[in-house]
Amino acid sequence: MLAPLASTSPQPDSLWRHLAARTGTLDLPVGAGQLASDLQTEVAIVGAGYSGLAAAYALSRRGVPCVVLDANPVGWGASGRNGGVVSSKFRLSFPFIATHYGLDVAKRMHRLAHEGVRVVESFVDEFAIAGAEFEHTGSLRCAHTERALAACIAEADWVRTSLGDRTMKPLTRAQTEEETGSKGFVGGVLSEDAGTILPLEYVLGIARGLAARGVAIHESTPVVAMERTRGVPGVVLRTPAATVRAKQVIVATNAYSGITQATSAYQRELVPFRSAMIATERLPAALDAKLMTARRSYTETRRMMKWFRRADGRMLFGGRDAFGKEGQNTGFEALRRAMIALFPDLAGVPISFRWSGYVGMTFNALPHVGRSDDATVFCLGYNGAGVAMASLVGQHAAALALGETPDLALLAQDGLRPVPLHSLRAPGVRLVAAWYQFLDAVGV
Ligand SMILES: Cc1cc2nc3c(=O)[nH]c(=O)nc-3n(C[C@H](O)[C@H](O)[C@H](O)COP(=O)(O)OP(=O)(O)OC[C@H]3O[C@@H](n4cnc5c(N)ncnc54)[C@H](O)[C@@H]3O)c2cc1C
């Protein structure tokens, strides 16, 4: 099973929680506690990750009353566990989008991708989340073969000539080695409009900022049923202790939608894929001065992609693990081996933190935003790149709930479209992952 979810599972012991505990951020109040009495509002939002909070932000800016309900503490889901890579890309490249959907669509998608980064910057400024340590240092895509490098450079050339975007720059093998401290790559392409953030500090900072403006965020409040009201469009959301009546609901539960039956239909839009991370001890001075000193985020071109960055003087290394469940220890040793293959200097450095979470993959590799009925809007499926995109798309979901028509380009989805043969997703994902690992291993 890929997604045996339970709202009661504890938050993983991640580096992010360790840092937030050290700075005292975890002790600061975030929300309004469990919903204890019935209430009526304009828009109810289910999920207090980046998507749900961004929706609440957009509504509060327009003066629309709303309430946010989460089964767990703010940031319990992917928003508090991710790698903190802030990127301005989709999983589909812009040339691919132009070939299949036309240049105009590619331009609109490109604008959305970069707007996501602007939103992160503006949240950090507006809510004074200095503790999230957002650094606009760029992201370096490291190529593992000459063929992969040529494809990355061709994409950078296309983006420059067709979209006028000069933020993507090729790096030679020597430059990539100098940048990363690894001899494992033949070169790379730097995307300047990207960076890194401390993801849990970021989501907690947004939540506190919204709470200070009077937005009610109820943690420990699973939505166990959503029923349409009779007559006028609207929804009744049932939680263990109270109900919420709203004219509109925004479902922002992403890869954790299966927590209750009420939101499980949204789980069938996705193939939840476990993503795992490790963080080393703080590095000794010599390695600290050698590895990734530009403090960018780094990804590689293998199909079963790994990514890495620095934080708190440590090396962080992450990757998809199709074979394990959340909370299990499988996958971490394979990640450590992959890290040492790229950075042999780290062989003797102990691992201090291991954690994982689910990312929501979609069939078309793009996020989905739309209406599932006249009272319900959803946004989900960031395909492992949701820090910036969910911060933006949640706001567009709010606009949709209010009857506005934001430009969503290819992200717009008319109704739910469950993944075909959803019950076979677990063996299917494993099969594809095993094939990808084989292709990576033989270097094609
Ligand atoms: C290990 C890992 C690494 C990642 N790395 C990166 C990265 O480096 N860069 C990047 O851009 N993206 C990354 N991602 C993806 C990114 O974290 C997500 O796309 C993003 O956080 C999604 O935010 P969200 O608000 O939509 O969902 P979530 O943050 O998952 O929030 C969903 C919330 O809904 C709540 N919920 C679910 N069902 C109910 C219900 N019935 N009632 C009430 N509440 C409910 C859950 O408790 C949860 O808090 C990573 C993800 C993981 C797991």
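The values are calculated or read from the model by the stated rules, or taken from the named source; none is laboratory data. Values in this document were obtained by computation on a predicted structure and should not be read as measured data. Note that each Cβ is placed from the backbone with ideal geometry, even for glycine, and that neighbours are counted across all protein chains shown. Calculation scope for accessible area: heavy atoms of the full protein, side chains included, ligands and nucleic acids excluded. Shrake-Rupley method; radii C 1.70, N 1.55, O 1.52, S 1.80 Å.
Descriptive notes on the structure:
- Kirkwood hydrodynamic radius of the range 5-131, from inverse mean 1/r over distinct Cα pairs, in Å: 17.4 Å
- Length released on extending from Ala241 to Glu121, taking residue separation times 0.36 nm less the Cα-Cα span: 39.5 nm
- Cα pair distances of the range 156-207 binned at 5 Å [whole percent]: 5, 17, 16, 15, 15, 13, 13, 7, 1
- Accessible surface, the chain, averaged per residue in Å² (probe 1.4 Å): 40 Å²
- DSSP-defined antiparallel bridges as percent of all bridges, the range 344-416, nearest 5: 60 percent
- Remark: for residue pairs Lys107/Lys183; Lys169/Lys290; Lys247/Lys306, the C-alpha separation exceeds 31 Å in Lys107/Lys183; Lys247/Lys306.
- Among Gly116, Gly381, Gly131: highest mean-square fluctuation, GNM of the chain, C-alpha pairs under 10 Å: Gly131
- Around Ala194: net Lys/Arg minus Asp/Glu count, Cβ-Cβ under 9 Å: 0
- Of the DSSP H helices in the chain, those that are both long (alpha-carbon extent of 15 Å or more along the helix axis) and hydrophobic (Kyte-Doolittle mean at least 0.0) are 50-61, 146-163, 199-212, 332-342, 387-401, 425-442.
- Of Ala285, Ala156, Ala347, the residue with the greatest mean-square motion in the GNM of the chain, using alpha carbon springs below 10 Å, is Ala285.
- Within the chain, percent of DSSP bridges classed antiparallel, to nearest 5: 65 percent
- Here the chain is treated as a sphere whose radius is the Kirkwood value from Cα pairs; by Stokes-Einstein at 20 °C and 1.002 mPa s it diffuses with a coefficient of 97 µm²/s.
- Leu171 long-range amide H proximity, modeled H, under 5 Å: Gly188, Val189, Leu190
- The phi-based Karplus calculation (6.51 cos²θ - 1.76 cosθ + 1.60; θ = phi - 60°) puts the 3J(HN,Hα) values of the range 349-355 at 8, x, 8, 9, 9, 9, 7 Hz, whole numbers, x for Gly and Pro.
- For peptides 249-262, 86-99, sequence by mean Cβ density within 10 Å, most packed first: 249-262, 86-99
- Rule-of-thumb Rg ratio for the range 338-412 [Cα; 2.2 N^0.38 Å; N residues]: 1.62
- GNM result for the chain, Cα springs below 10 Å: residue of Arg337, Arg309, Arg295 fluctuating most strongly: Arg337
- Put the Cα centre of the range 84-105 next to the Cα centre of the range 242-279 and the gap is 25 Å.
- Solvent-accessible area of the chain (1.4 angstrom probe, protein heavy atoms only): carbon and sulfur portion equals 54 percent.
- Each part reduced to its alpha carbon centroid, the range 33-81 and the range 119-198 end up 32 Å apart.
- ³J(HN,Hα) computed for each position of the range 232-245 - Karplus, 6.51 cos²θ - 1.76 cosθ + 1.60, integer Hz, glycine/proline x: 6, x, x, 9, 10, 9, 9, 10, x, 10, 7, 10, 10, 9
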